[in-house]
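These notes are about the structure you will find just below.
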Amino acid sequence: MPKTKGPTLNPTIRKSRKRALALASVVTAAILTVTGCTSTLTPTDPSASCSTPIDPKTVKIYVGVGAFASPYFADVIKGVQTMAKSLGLEDSQVIPYESNFDGQQLVNSLGSALSSDEPGNAIILADPASPAFTKPLVELAQENDARLVTWWNRPAEIHPWDTGDGCWVAHQSYDMVAVSKQVSQVLFDSFGAEGGIVAIGGVPDNPTAKDRLAGLQEALAENPGVTLLDSQPANWDQTASQTLTAQLIGKYGTELKGVWNANDAMGLGSVEALRGAGLAGVVLATGMDGSPNAFEALAQGDFAAVGSYDGLYQGALSLALAYSVAVGETDLASLSETQRAFYLETSLVTSTNVDGFLVAPDLGALSYDAIKGDFWAKVSGPVRVDG
Amino acid sequence: MSAPLIELSAVTKKYGAVTALDSVSLTVNRGEIVGIIGQNGAGKSTLLKLLSGSVQADSGEFRISGEPVRLGSTADAARRGIAIVHQEQSLIPNLTVAENVFVGRSSGATRGGFYNWPALFRDGDRQLAKMGCDFPSSAMVGELTFIQRQMVEITRALSLGDDSDDHLTILLDEPTSLLNPGDIEFLFAELRALKQRASVLFVSHRMDEVLSISDRVYVMSNGRCVAERDPAQCNEDELYRLMVGEERSDDYYSSRRKSPTVPSATLGPPALSVSGLALNGEFKEISFEIAPGSILGLGGVVDSGREQLARSLFGLTRAPAGEVRVDGIPVRISGPRHAIRHGIGYVAAERKVEGVLLGQSVARNLTYCIPDRISSMGWIRRRRELEIVNEWISKLKIKAPHARADVGSLSGGNQQKVALAKMLSIPHLKVLIVDHPTRGLDLGAKADVYEQIRIATARGMAVLLLSDTLDELFGLSDNVIIMKDGQITGRHLDVQSCQPQFDQVVREMV
Amino acid sequence: MNPVKRLDQRGWGALIVLVALTMIIASVQPAFVQLQSIQNMTLQAAPIIVIALGLTPTILIGGLDLSVASLASLATVLMALTVPQLGPAGLILVVGMCAVAGGLVGFIQAVTQVPSFIVSLGALGFYAGVALVVSNATTISMGAGQSTLEWLGGGIFGLPVSFVLAVLLLVGSAVVVTNTVVGRRIYAIGASEPAAIVSGISPIAIRVICFSFSGFCAAIGGALLLARTSYASPTLADLYLLPALAAVLLGGTALSGGVGSIWRTLVGSLVVVVVQTGLVVVGVDPRVSNLVFGVLIIATVAATTDRKHGLVVK
Amino acid sequence: MDAATSPDHEATRADIKRDGVSSARGTLARRLENVGPLLILALMCVVLSVIEPRFATLGNLQTVLNEAAIPLVVASGLTLVVLMGSIDLSAEGVMASCSIVVSLLVLNSSNSLDLGVAGILVALILGALFGFANGFIHARFALPSLMVTLGTWFVGLGLASYLFPGRQPAIQDAGFRELALGKVLGLSYMFWIAIVIVIALVLMLRFTHFGRMITAMGPGQAQLIIAGVPVNRYRIGAFTICGTLAGLAGIMTTAQIGAGSATAGADQLFPAVSAVVIGGTLLTGGRGGILQTVVGVLLLAVISSGLLFLGVNPYVQQAVIGIALIGIVAATTWRARRKLAVVK
């Protein structure tokens, strides 16, 4: 039982509030003191940004990919590393981050990393994961005087030449509509272009996923005999597509003549669902990316076709281009818009030519000297601006 | 005569600076019921913890049938045949009775951790039979009535006798604090029947009970054993003096402070009048009036529906049918907020669940019902708040280190005072429903609570009192009504001047 | 009671952890506490603070609102659709809508008495679906509307406006909660709902208030993100749920309700950001950063949890 | 404040008292909560079959059941933890790392190992270790399980991406694949494994001391401690089982997609929690069980497959599921609402 003091005017009443305020002030004060109270967030001298050449000895190369666990992105990273080696850089100078397909995470990681480097000595090669994060990424590069090459995602409104004060070296992507259309056609032909298919899409709000579906639509338009029974998103995920395909098989049964997929992982998922239903090799699936497992599925006859693009080359080229600009070998001003926002070649892989893709790629071809001759040798055209 | 079953000699237990037990010595012989009385904080509960192995003594000797022991845990104590029945019921609602009886030890039916349900229920039923319980051991505890669960508690304690070779000792911690007269009689009968199988240590602060059931009584005060008495040769007042250290006022229920009850007619409408109140499954045809400044006692056993009635008047149940008038104006109460707005207050029986907000300060607890008085436009005016709070702290002599102390750190009695003050501080309060206001309080605290109720009535408050004991009910009330099975079975007017026969009242109840 | 515990109970535990972590990281990588790094961290902290702030009252009443993040995503989409036409009015409109939506969740939860975990989980799915439908699953440019949010992207006193705004919002809420009747009632419901009801407090009203506040904060959080990206997406804020939840609990606010404060959420949020940033700055291999983050969460909780509430921990 | 008078203990007492008075109504409500979900499930199947005959085919039934196998395993494990009033968020992380580990240990495309069954056991043990860690840290250091398992969730994901080799390890162990591909009565071995697990857990909860104590711990932990029951040991046990089953689910996923995946657990957690609660197990613990969870899982499986059959816009689907979640739980617990209920 508490000892009685009788009713006292309690000391801790004001304390409780003081304590609270203290808590806040300590934190904010701490921050303010370090930051000082004058500077603003925009770089002091915009015109000068990204004009000074980098120092190859200490330059840091940040690679932002969707997921380490993706074979395609693994290739991209490998490509960058190979190029870095041929440039005489240390392995430790290449630092990969994954966004897990959430641009915010990537922007945060890169922001944190850059904020502790000395500015003007970094190259960023990154997939913003969604156009929403391209602008923050460019601003980030700008604030830190870092050279930036973006992949895949870019809103229609902004371009390397009108944004980022020369820090945004280039944007590189692939013409997904075209290759997806080719792949779809092969799939249709596998069942005589008469019957129904289902489409397993990527993350719904992802433009790449949309482009790939657009390609399918174009193919469908040219093949009145083929009907799209159902189109469901599986968020690039193998397991999700496996489940989804299984359910769709349950729904459409024999009507189902083919399963179109927006990427390899989902394609492999679909194949397993088909195998589970005893339809593997009978009803074919498609893939997109060009991962080894997909090529094997193709060789086994589970896949009809795979749209492939060379992640190794993409990584190597992007670094090479950014590097040559960063060291002053290439003058940005001299480059055309096509040379700063371009599609790289894609290839349609089918049972006929798959063997060529099963052999291990020749990394020797990825040396700086081999590529710098013509950075645009494998360009298929300018990036469509309709997004 | 062999060594006593249990023998403590000069046992001392300190918690930090506080000395909970100060060289206490006592003995319990075979087949004996030993009573222990003392106020809260006198050291009773520490003594029980020590005997049941949940705490160990700092010094002194603890012997069981002559041999010194040191019990490490309750399980330890159980093996030595010492079982405790907690005041706070320690049954698990979603297990069967049988499981609760055997919880914490493996019986034949649960060998190797696998349950043989038929066997388990057989064992369970056998144990229940010993206590003369009529419900099956396969019943879910959650669906038993309170007294039934109390019986299960005791059954569990007794069942220890089977797997312990020692003679059994049962520690009863305030076993009656939540029971009503009929049940208490039943319990006592059981205890007396136990004598040949077990010794009982009966802890309570209800002297009448201790005197009636015990063969010997120890009186404890501030951690010391201040006296040992033979119930035959002592009376309540003497024990009271030993416990509290002061003479017990013959005006225990402070009826002298009671304002002379004027016939309600001259005083205008009754503060609360209820007619034809009914709530299906709970009670029906309830009609009564309470005049301002008078106390209406509401008697009955646990399932008599009186608690539901009280709660329904405060809007804690589905809205009952019938008419409720406050100061003659019909009111419809759909929830506590309406009740309070209409001037009806309620002091809950479940103090720690519904009475006070544990973990919140005394000040906050006191002001939850009067936001408008401590704030303007929603913003707390701390000075005003503190004035009001301190006013009530001093009015009710609430013993708290300061206004911001956690109400959970207060003694039961002071918590109850906070719960009272919370309601009394409502300016327009006309009717106060007090549900078992002194449950689990010691004598000193009880007296304070009675006094406060009196003061409230003196200010013209009408009080509806639900009470544990008939003493309290008739000591405090002006008029009393008795309920049974949801109906009123007896009315006793102006009980202060003419006390009715208790046995008749009990007949009305059961 | 040992001094550390006492500190915990006053909510200082998390602050100690924050300072300690900062010092450790700074000792490894001094640049960590330089202007640019601080700016970057405060920039990252802003949305977490706001969303965690919204979560806090729902946790103080013993509930939980899992839908904040996806509501924030939905908010960005709605803003991108309305702000270009309506300007600031659109902003206010969306914030209002989100507050109402949150309130509705609270109301449903209070009336049906379904655990808030479930109701808000359902709401999470609902918002996500609506966001996809409304946006037709595309990233939407703010276009002309961006000018309305421009100022949020700026800097003041060398700190991002968004961060200053977030902190101001938090300070404001904290003052309200500690000084108003409503604040008292929030704690009352959290501490003991039955006793609160018996004291004439309406749990429904309090729930509606808390959950609509969390809706309000979700919208603000969305706006902060939008100001940074200038593109809305139906999944823009989804990944903020766990960091925000972690922030509140790391601050030392108890899931059981009634224990904690808005202030603790500020500290908790900063801890989360410092950990996330620190992992990168110190150069932890990104492949194991999740692993380390998880371990640090547990460690910090261990350091900040207030254990005075009995043996029973769920 | 000691256990005996801790608020939740008091609260239970208050509840008992109130229910005790009108136990008839209480039990009716309880019965309704037990069969309610089952009724809804039946109703849903009937309605769907009427609207969309293809739904009622045997083939589709088999699909639904096969797809339910993995959620069944995850949710069953989770049920044990929820029965104690705790929660385990780590399932996705555990599944991810166990998937990668098993795929690297059985015959696969990225290394030369071929441990077969031993590999599966190692993965299971890893899952068990995760579960044990959850339980131990939670019980031993009295930390809220939600936070601890939130931490291990990240740890699991981290471990998975750390162990992930440059290229996705494709499973070449035919025997292992049989788990998913081999069928009895058109139902995969995985489904039967799930059924065996369900039965085992039901029996465990019904007939073992361990199981009964898990059920008791929800409302009665304080009392059990007083009675000298080693509650922490049981807590850790329950979490360990939960972790092991999550691991098993990861292994099953691997067998199903024929490759180790760092996202094997993606979107498994919240559906599992939903299933447990929809089935009628209280998040506060003490009431519910495995069979209820089975109903919950089937409900969700039928809903998602039903939405697919009705051709509902995929974007709308999760909105519908969200509403269904609230609706079903509200409907089945409606009768049990109390004026002074503690709603968390």
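The values are calculated or read from the model by the stated rules, or taken from the named source; none is laboratory data. The structure displayed is predicted, hence computed values, not measured ones. Here the Cβ is made from the backbone with ideal geometry for all residues, glycine too, and neighbour counts use every protein chain on show.
Quick one: would you say residue A:103 is within 10 Å of chain C (Cβ to nearest Cβ), at pLDDT 90 or above, within 28 Å of residue C:26 (Cα to Cα) and buried (at least 23 other Cβ atoms within 10 Å of the Cβ)? Against the criterion (within 10 Å of chain C (Cβ to nearest Cβ), at pLDDT 90 or above, within 28 Å of residue C:26 (Cα to Cα) and buried (at least 23 other Cβ atoms within 10 Å of the Cβ)), residue A:103 does not qualify. Among the residues of the range C:242-259, those that are within 12 Å of chain A (Cβ to nearest Cβ) and either part of a helix (DSSP H, G or I) or on the phi > 0 side of the Ramachandran plot (or both) comprise C:242, C:243, C:252. Residues that are in contact with a strand residue (DSSP E or B) (Cβ under 8 Å, 6 or more places away or on another chain), in a helix (DSSP H, G or I) and among the charged types (D, E, K, R) within the range B:195-208 are absent altogether. Return yes or no: is residue A:374 outside any helix (DSSP H, G or I) and more than 22 Å from residue A:202 (Cβ to Cβ)? So residue A:374 fits the description; yes.
Here's the yes/no breakdown for (1) part of a loop (DSSP other than H, G, I, E, B); (2) at pLDDT 75 or above:
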position	(1), (2)
B:182	no, no
B:191	no, yes
B:210	no, yes
B:226	no, yes
B:237	no, yes
B:240	no, yes
B:252	yes, no
B:270	yes, yes
B:274	no, yes
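A single member of C:50, C:33, C:28, C:68 is aliphatic (A, V, I, L, M), under 25 Å from residue C:301 (Cα atoms) and within 9 Å of chain A (Cβ to nearest Cβ), and it is C:33. Mind listing just one residue for me: the one in the range D:254-276 that is crowded, with 24+ Cβ neighbours inside 10 Å and without any contact (Cβ under 8 Å) to a residue 60 or more places away in the chain and, of those, nearest to the other protein chains (Cβ to nearest Cβ)? Selected residue: D:257.
The single condition from (1) over 16 Å from the mean Cα position of the chain (by Cα); (2) part of a helix (DSSP H, G or I); (3) within 11 Å of another protein chain (Cβ to nearest Cβ) that residue C:234 fails is (2). From the list A:160, A:136, A:128, the one residue that fits, being crowded, with 22+ Cβ neighbours inside 10 Å and either in the same structural domain as residue A:220 (by TED's automatic domain parsing) or in contact with a Leu (Cβ under 6 Å, 6 or more places away or on another chain) (or both), is A:128. Applying the set (1) away from chain A (no Cβ under 14 Å); (2) in a helix (DSSP H, G or I); (3) under 30 Å from residue B:491 (Cβ atoms) to residue B:426 leaves exactly one unmet item: (2).
The residue that is farthest from the other protein chains (Cβ to nearest Cβ), among those in the range C:95-126 that are within 15 Å of residue C:81 (Cβ to Cβ) and either touching a Lys or Arg at 6+ places or on another chain (Cβ under 8 Å) or buried (at least 20 other Cβ atoms within 10 Å of the Cβ) (or both), is C:95. For the range B:306-340, the set of residues classified as in contact with a strand residue (DSSP E or B) (Cβ under 9 Å, 6 or more places away or on another chain) and within 11 Å of chain C (Cβ to nearest Cβ) consists of B:311, B:314, B:315, B:316, B:336, B:338, B:339, B:340, listed by residue number. Taking the residues in the range D:169-187 that are outside any helix (DSSP H, G or I) and touching an Asp or Glu at 6+ places or on another chain (Cβ under 9 Å) as candidates, determine which candidate is farthest from residue A:72 (Cα to Cα). Here the answer is D:173. For the range A:185-211, filtering for residues that are in a strand (DSSP E or B) and either among the β-branched types (Val, Ile, Thr) or surrounded by 20 or more Cβ atoms within 10 Å (Cβ to Cβ) (or both) leaves 5.
Selection over the range B:138-161 of residues that are outside any loop (DSSP other than H, G, I, E, B) and at the interface with chain D (Cβ under 10 Å from one of its Cβ atoms) gives a count of 8.
State which residue is nearest to the chain's Cα centre (by Cα) when the search covers only the range A:294-334 and only residues that are in a helix (DSSP H, G or I), under 25 Å from residue D:109 (Cα atoms) and of a type in the set (A, V, I, L, M). In this case the residue turns out to be A:312. Here is the figure for the range A:146-157: residues that are more than 15 Å from the chain's Cα centre (by Cα) and at pLDDT 90 or above total 2. Taken as a whole, the range B:374-393 holds no residue that is crowded, with 20+ Cβ neighbours inside 10 Å, in a loop (DSSP other than H, G, I, E, B) and either away from chain A (no Cβ under 13 Å) or at pLDDT below 90 (or both). Among the residues of the range C:299-306, are any more than 30 Å from residue D:229 (Cα to Cα) and not hydroxyl-bearing (Ser, Thr, Tyr)? No, the range C:299-306 has no match at all. If only residues of the range D:303-320 that are closer than 13 Å to residue D:45 by Cα and within 8 Å of another protein chain (Cβ to nearest Cβ) are counted, the one that is farthest from the chain's Cα centre (by Cα) is D:309. In this structure, residue C:153 does not satisfy being buried (at least 22 other Cβ atoms within 10 Å of the Cβ) and modelled with pLDDT under 95. Look at (1) touching a Ser or Thr at 6+ places or on another chain (Cβ under 7 Å); (2) closer than 26 Å to residue C:164 by Cβ; (3) not acidic (Asp, Glu) and you find that residue C:235 fails only one, number (2).
Condition check ((1) modelled with pLDDT under 75; (2) under 25 Å from the mean Cα position of the chain (by Cα); (3) buried (at least 22 other Cβ atoms within 10 Å of the Cβ); (4) not acidic (Asp, Glu)) across all residues:
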site	(1), (2), (3), (4)
B:107	yes, no, no, yes
B:111	no, no, no, yes
B:137	no, no, yes, yes
B:151	no, yes, yes, yes
B:159	no, no, yes, yes
B:162	yes, no, no, no
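May I ask you to list the residues in the range A:212-243 that are in contact with an Asp or Glu (Cβ under 8 Å, 6 or more places away or on another chain), over 21 Å from residue D:308 (Cβ atoms) and in a helix (DSSP H, G or I)? Listed by number, the list is empty, since nothing qualifies. Here are A:332, A:298, A:317: which of them is surrounded by 22 or more Cβ atoms within 10 Å (Cβ to Cβ) and either of a type in the set (Gly, Ala, Ser) or not assigned by TED's automatic domain parsing to the domain that holds residue A:194 (or both)? One residue alone meets the criteria, A:317. Within the range B:391-404, the set of residues being of a type outside the set (Gly, Ala, Ser) and under 24 Å from residue C:182 (Cβ atoms) comprises B:392, B:404.
Does at least one position in the range B:339-362 carry a residue that is more than 25 Å from residue B:465 (Cα to Cα), part of a helix (DSSP H, G or I), out of contact with any Phe, Trp or Tyr (no Cβ under 6 Å at 6 or more places or on another chain) and aliphatic (A, V, I, L, M)? No, that holds for no residue.
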